[in-house]
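S.K.: Handing you this structure, nothing more for now.
The values are calculated or read from the model by the stated rules, or taken from the named source; none is laboratory data. Source: prediction; values computed, not measured. In this analysis, Cβ positions are derived from the backbone assuming ideal geometry, glycine residues included, and neighbour counts consider all displayed protein chains. These accessible areas exclude ligands, DNA and RNA; they are computed on the full protein's heavy atoms, side chains included. Shrake-Rupley method; radii C 1.70, N 1.55, O 1.52, S 1.80 Å.
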Amino acid sequence: MAPIVQVKDLRKTYDGGFQALKGVNLDIEEGEIIALLGPNGAGKTTLISTICGITMPTSGSVTVGGHDIISGFRQTRSMIGLVPQELSLDAFETVFNAVRYSRGLFGKPRNDAYIEDILKQLGLADKRDTKIMALSGGMKRRVLIAKALSHEPRVLFLDEPTAGVDVELRKDMWNVVDDLRKTGVTIILTTHYIEEAEAMADRIAVIDGGQIMLVQRKDELMQHMGQKELRIHLASPVTEIPAGLDRYDLEIVLDGNALRYVYDTRADRTGITALLNDLNAVGLQLADIETRQSSLEEIFVGLVKGDAA
Amino acid sequence: MNLTAIKAIYLTEMARFFRTYKQSFLAPVISTSLYFVVFGAAIGSRIDQVEGVSYGAFIVPGLIMLSVMTQATTNASFGIYFPKFTGSIYELLSAPVNFLEATIGYVGAAASKALIIGAIIFATSFFFVDVQVAHPLAMVAFLLLTCLSFALLGFIIGIWAGNFEQLQLIPLLIITPLVFLGGSFYSTSMLPPFWQIVTLFNPVHYLISGFRWSFFEQADVPVAISLIAIAGFTALCLGAIAWIFRTGWRIRD
């Protein structure tokens with residue numbers, strides 16, 4: 001099946017000369033949830049804005065549902081719903097009217113029952129006649145989602161859906177996204193929270209400096225990078241690796257107070273037993289032992305620094 | 001053509017107008033009444049007649065024009081500037097709506113509001129003076145074209161403006177003086193010769209003169225020139241809108 005969104009060699013240079021996108025290629029499959037993960041200024045919002053038609057690309061092409069975003073803007077934009085990062089709403093409008101306006105703007109005939117359904121699904125039913133200015137930040141975010149869903153889009157963009165949202169609301173938002181997934185909507189979300197990408201996405205695209213560094217299924221990415229670290233804290237510090245431990249590729253950390261050993265959890269032999277025996281053999285006294293799993297965060301930091309796989 | 005979108009924009013803009021009805025309707029009625037009291041009763045009693053028309057009646061077309069031009073401009077500029085200010089314009093930009101459709105929605109609503117206010121002022125004037133309209137069709141045509149062209153101008157200002165100060169700058173510093181100095185409350189023949197010549201460079205003068213002609217068959221400049229002036233002004237605004245449409249100036253990065 002052809003990808004629902006296809007980005008080819010997309011470049012964007014702003015008037016000031018800033019190059020926000022440097023040749024982005026990305027295929028998004030229908031029905032998946034893909035997270036665009038990257039630090040601030042990586043180009044996430046520019047990429048989304050370009051696909052949605054808010055920003056004009058400098059070169060390259062984007063198709064949505066097989067239509068070009070410029071020559072076929074009516075088709076592509078009808079298919080897309082966008083939830084922006086900022087809580088940009090007309091504060092004087094009521095929730096229901098704001099959502100109904102969005103549906104009209106996207107050219108869909110009036111369907112109040114459908115809008116009621118969306119409000120119910122997002123927990124906004126009892127707020128339908130409330131003015132937006134009277135809502136909390138979390139509720140405003142839901143209104144933005146309701147507006148984005150008002151015209152029954154096939155692709156939904158969520159730009160930093162949990163930016164500035166407290167932990168409880170963040171979990172809440174993940175549940176909302178999970179419910180949306182069941183309706184078959186393709187979801188593209190941007191985030192700089194690894195936790196969020198890990199919790200919600202099927203695939204993760206790491207973006208930095210206007211380029212896609214890597215696109216991989218989340219579980220593969222985790223597995224691929226699934227190394228563990230054994231940290232051996234010593235009773236007294238060492239300045240060099242004792243001769244008997246040469247074969248282990250150890251690293252001295254914490255000013256000689258600890259040794260770091262990296263192993264693969266999926267290997268037949270992790271080498272831990274032998275290492276511990278040899279530590280004993282060379283006469284090192286252990287103060288403590290800890291193991292750590294490399295998280296997406298470390299994978300991400302490694303990629304952005306440019307020293308990881 | 002995304003007619004549903006045009007309707008959505010138009011109705012939402014009109015709803016905003018009716019929601020703030022006190023400000024929308026009452027303010028023009030009160031300020032117009034004040035003009036009638038001050039200009040019509042206090043000053044008018046000493047002026048008596050201007051070119052065969054009682055002074056109170058003479059200022060009616062000027063008063064309508066003053067309100068219509070200001071209202072059309074401010075409503076249209078605010079209508080498009082407000083979503084820019086709140087950031088909610090993202091929705092319009094990401095919608096399957098082209099610039100022409102957005103313009104029709106916003107400018108149509110602003111022009112409608114100005115037309116409603118013009119009608120209210122016209123009705124209010126009957127409480128104060130005896131007004132007759134010699135050419136009703138011409139009057140409506142002048143009124144419609146003025147609403148439309150100044151709403152277009154306001155729309156351009158709203159797109160251009162980067163802050164609230166700029167938004168109010170042009171209406172305050174340009175439109176209001178032009179209307180006041182364009183013969184709203186006097187015939188330009190009452191001015192010294194030098195200022196009569198200066199007035200010829202004021203585009204608003206031609207509109208007020210033409211509009212007044214439709215009431216009293218009495219004008220400072222030939223009515224044909226007035227029509228050409230307003231048609232020219234509308235064309236100028238449409239040209240600017242077309243250019244913005246092509247370049248995405250101040251709208252899209």
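S.K.: Please work out if A:Asp202 is within 30 Å of A:Val83 (Cβ to Cβ), acidic (Asp, Glu) and at pLDDT 90 or above.
M.R.: Details: within 30 Å of A:Val83 (Cβ to Cβ): yes; acidic (Asp, Glu): yes; at pLDDT 90 or above: yes.
For A:Asp202, the condition - within 30 Å of A:Val83 (Cβ to Cβ), acidic (Asp, Glu) and at pLDDT 90 or above - is met.
S.K.: Provide a single number: the residues in region A:253-287 that are open to solvent by 40 Å² or more (accessible area, probe 1.4 Å) and in a strand (DSSP E or B).
M.R.: 5
S.K.: Sticking with this one: Across region B:100-143, which residue is farthest from B:Ala240 (Cα to Cα) among those that are part of a helix (DSSP H, G or I) and among the charged types (D, E, K, R)? Give the steps one after another, and end with the answer.
M.R.: From region B:100-143, those part of a helix (DSSP H, G or I) are B:100-125, B:136-143; that's our starting set.
With among the charged types (D, E, K, R) added as a condition, the list becomes B:101, B:113.
Working: B:Glu101: 16, B:Lys113: 22 Å.
Restricting to residues being part of a helix (DSSP H, G or I) and among the charged types (D, E, K, R), the top hit is B:Lys113.
S.K.: Taking region B:12-26, which residues are open to solvent by 50 Å² or more (accessible area, probe 1.4 Å) and more than 8 Å from chain A (Cβ to nearest Cβ)? Walk me through it before giving the result.
M.R.: If we filter region B:12-26 for residues that are open to solvent by 50 Å² or more (accessible area, probe 1.4 Å), which is where we start, we get B:18-23, B:26.
Within region B:12-26, B:Phe18, B:Thr20, B:Tyr21, B:Lys22, B:Gln23, B:Leu26 qualify.
S.K.: Would you pick out the residues in region B:162-187 that are under 22 Å from B:Phe99 (Cβ atoms) and in contact with a Ser or Thr (Cβ under 7 Å, 6 or more places away or on another chain)? Before the answer, list the steps.
M.R.: Going through region B:162-187, the residues under 22 Å from B:Phe99 (Cβ atoms) turn out to be B:162, B:166-167, B:170.
If the condition is that a residue be under 22 Å from B:Phe99 (Cβ atoms) and in contact with a Ser or Thr (Cβ under 7 Å, 6 or more places away or on another chain), then B:Leu167 is the only one that fits.
S.K.: Select the helices (runs of 4 or more DSSP H) contained entirely in region B:31-99, then report the ones holding at least 2 residues which are within 14 Å of another protein chain (Cβ to nearest Cβ). So that I can check it myself, show each step before the final result.
M.R.: Details: elements: B:44-47, B:55-86, B:89-94.
In region B:31-99, the matching helices (runs of 4 or more DSSP H) lie at B:55-86, B:89-94.
Here is a yes/no grid of residues against (1) within 23 Å of A:Met222 (Cα to Cα); (2) free of Cβ contacts under 8 Å to residues at least 60 places away in the same chain; (3) surrounded by fewer than 16 Cβ atoms within 10 Å (Cβ to Cβ):
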site	(1), (2), (3)
A:Glu152	no, yes, no
A:Val155	no, no, no
A:Leu180	no, yes, no
A:Ile188	yes, no, no
A:Ala197	yes, no, no
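S.K.: Could you tell me whether any residue of region A:33-42 is over 18 Å from B:Pro83 (Cα atoms), facing chain B (nearest Cβ under 10 Å), part of a loop (DSSP other than H, G, I, E, B) and at pLDDT below 95? Before you say what the answer is, go through the steps one by one.
M.R.: Of all residues in region A:33-42, those over 18 Å from B:Pro83 (Cα atoms) come to A:33-42.
Of the ones still in play, those that are also facing chain B (nearest Cβ under 10 Å) are none.
No: region A:33-42 contains no residue that is over 18 Å from B:Pro83 (Cα atoms), facing chain B (nearest Cβ under 10 Å), part of a loop (DSSP other than H, G, I, E, B) and at pLDDT below 95.
S.K.: Among the residues of region A:45-87, write down those that are among the charged types (D, E, K, R) and either modelled with pLDDT under 95 or outside the structural domain of A:Ala146 (by TED's automatic domain parsing) (or both).
M.R.: Let us first name the residues in region A:45-87 that are among the charged types (D, E, K, R), namely A:68, A:74, A:77, A:86.
Scanning region A:45-87 gives a single hit, A:Glu86.
S.K.: Residue under question is B:Thr188, and the condition is that it be touching a His at 6+ places or on another chain (Cβ under 8 Å), among the hydroxyl-bearing types (Ser, Thr, Tyr) and surrounded by 13 or more Cβ atoms within 10 Å (Cβ to Cβ); does it hold?
M.R.: Working: touching a His at 6+ places or on another chain (Cβ under 8 Å): yes; among the hydroxyl-bearing types (Ser, Thr, Tyr): yes; surrounded by 13 or more Cβ atoms within 10 Å (Cβ to Cβ): yes.
Against the criterion (touching a His at 6+ places or on another chain (Cβ under 8 Å), among the hydroxyl-bearing types (Ser, Thr, Tyr) and surrounded by 13 or more Cβ atoms within 10 Å (Cβ to Cβ)), B:Thr188 qualifies.
S.K.: Which residues, counting only those in region A:99-114, are in a helix (DSSP H, G or I) and of a type outside the set (S, T, N, Q)?
M.R.: We begin by selecting, within region A:99-114, every residue in a helix (DSSP H, G or I); these are A:99-105, A:112-114.
Answer for region A:99-114, where residues must be in a helix (DSSP H, G or I) and of a type outside the set (S, T, N, Q): A:Val99, A:Arg100, A:Tyr101, A:Arg103, A:Gly104, A:Leu105, A:Asp112, A:Ala113, A:Tyr114.
S.K.: For region A:58-81, give me each residue that is open to solvent by 30 Å² or more (accessible area, probe 1.4 Å) and on the phi < 0 side of the Ramachandran plot. Please lay out each step first, then the result.
M.R.: If we filter region A:58-81 for residues that are open to solvent by 30 Å² or more (accessible area, probe 1.4 Å), which is where we start, we get A:58-61, A:63, A:65-68, A:70-71, A:73-75, A:78.
Listed by number, the residues that qualify are A:Thr58, A:Ser59, A:Ser61, A:Thr63, A:His67, A:Asp68, A:Ile70, A:Ser71, A:Phe73, A:Arg74, A:Gln75, A:Ser78.
S.K.: So which residues in region A:124-139 are surrounded by 17 or more Cβ atoms within 10 Å (Cβ to Cβ) and within 13 Å of another protein chain (Cβ to nearest Cβ)?
M.R.: Answer for region A:124-139, where residues must be surrounded by 17 or more Cβ atoms within 10 Å (Cβ to Cβ) and within 13 Å of another protein chain (Cβ to nearest Cβ): just A:Ile132.
S.K.: Within region A:1-41, track down each residue that is open to solvent by 50 Å² or more (accessible area, probe 1.4 Å) and of a type in the set (Lys, Arg).
M.R.: Residues satisfying the conditions are A:Lys8, A:Arg11, A:Lys22.
S.K.: To continue, here is another question. Report yes if some residue within region A:71-89 is of a type in the set (Phe, Trp, Tyr) and within 10 Å of chain B (Cβ to nearest Cβ); otherwise report no. Don't jump to the end; show me each part of the working.
M.R.: Let us first name the residues in region A:71-89 that are of a type in the set (Phe, Trp, Tyr), namely A:73.
Right, trim to within 10 Å of chain B (Cβ to nearest Cβ) and you get A:73.
There is at least one residue in region A:71-89 that is of a type in the set (Phe, Trp, Tyr) and within 10 Å of chain B (Cβ to nearest Cβ).
S.K.: From the list B:Ile174, B:Ile156, B:Ile228, which one is touching a residue at least 60 places away in the same chain (Cβ under 8 Å) and hydrophobic (A, V, I, L, M, F, W, C)? Break it down into steps so the answer makes sense when it comes.
M.R.: Values: B:Ile174 fails: touching a residue at least 60 places away in the same chain (Cβ under 8 Å); B:Ile228 fails: touching a residue at least 60 places away in the same chain (Cβ under 8 Å).
Of the residues listed, the single one that is touching a residue at least 60 places away in the same chain (Cβ under 8 Å) and hydrophobic (A, V, I, L, M, F, W, C) is B:Ile156.
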